[in-house]
1. Quick one: accessible area per residue over the chain, 1.4 Å probe, rounded to a whole number of Å²?
2. In the chain, with Lys and Arg counted as +1 and Asp and Glu as -1 at Cβ, which of these residues, GLY45, ASN91, LEU7, has the Cα nearest the positive end of the dipole, that is, farthest along it?
3. Here are several values of Cα Rg over 2.2 N^0.38 Å: (1) 1.53; (2) 1.00; (3) 1.48. Which one was derived from the coordinates shown?
4. Between LEU7 and SER63, what is the spin-label point distance in nm, taking each point 7 Å from the Cα along the Cα→C-beta axis?
5. Please report the carbon-and-sulfur percent of the accessible area for the chain; probe 1.4 Å, protein heavy atoms only, DNA, RNA and ligands left out.
6. How much length would be gained if the chain were fully extended between SER46 and SER16, taking 0.36 nm per residue of separation minus their Cα-Cα distance, in nm to one decimal?
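The values are calculated or read from the model by the stated rules, or taken from the named source; none is laboratory data. Everything quoted here is computed from the prediction, not taken from an experiment. In this analysis, Cβ positions are derived from the backbone assuming ideal geometry, glycine residues included, and neighbour counts consider all displayed protein chains. Quick note on the areas: whole protein, heavy atoms, side chains included, nothing else; ligands and nucleic acids left out. Shrake-Rupley method; radii C 1.70, N 1.55, O 1.52, S 1.80 Å.
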Amino acid sequence: MAVKSSLLLATGTVKSGTTRLYGISFMGLTAAVGNLVLRDGGGGGSIVFEIDASRVPNGVVYSRIFPNPIRCGTDLHATLTTVAVTPVEFNYD
């Protein structure tokens, strides 16, 4: 399968259905506070990854490639809790 990419600016579903997440990236902003939480199964699903966005300095790109992709059996959902960042990019298949 080909790896796809999509951007998200607010809380929502990144991809419906079974997927594997290969990486994420975003740029920190001065006002960044809160968390970026990735879940399998919608907003109330199991947490598969979480990062404190306030730890990413202003103007610094946070990029994470998962050597073993994160598998989501239902869907890949991102919750941006009071996060002030540039669009979050997701790489998945």
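1. On the way: 4900 Å² over 93 residues.
Value for the chain: 53 Å² per residue.
2. ASN91
3. (2)
4. Using points 7 Å along Cα→Cβ, the separation is 1.6 nm.
5. Working: 2640 of 4900 Å².
Carbon and sulfur atoms account for 54 percent of the accessible area of the chain.
6. Numbers: separation 30, 0.36 × 30 = 10.80 nm, distance 1.49 nm.
Once the chain is fully extended between SER46 and SER16, it gains 9.3 nm.
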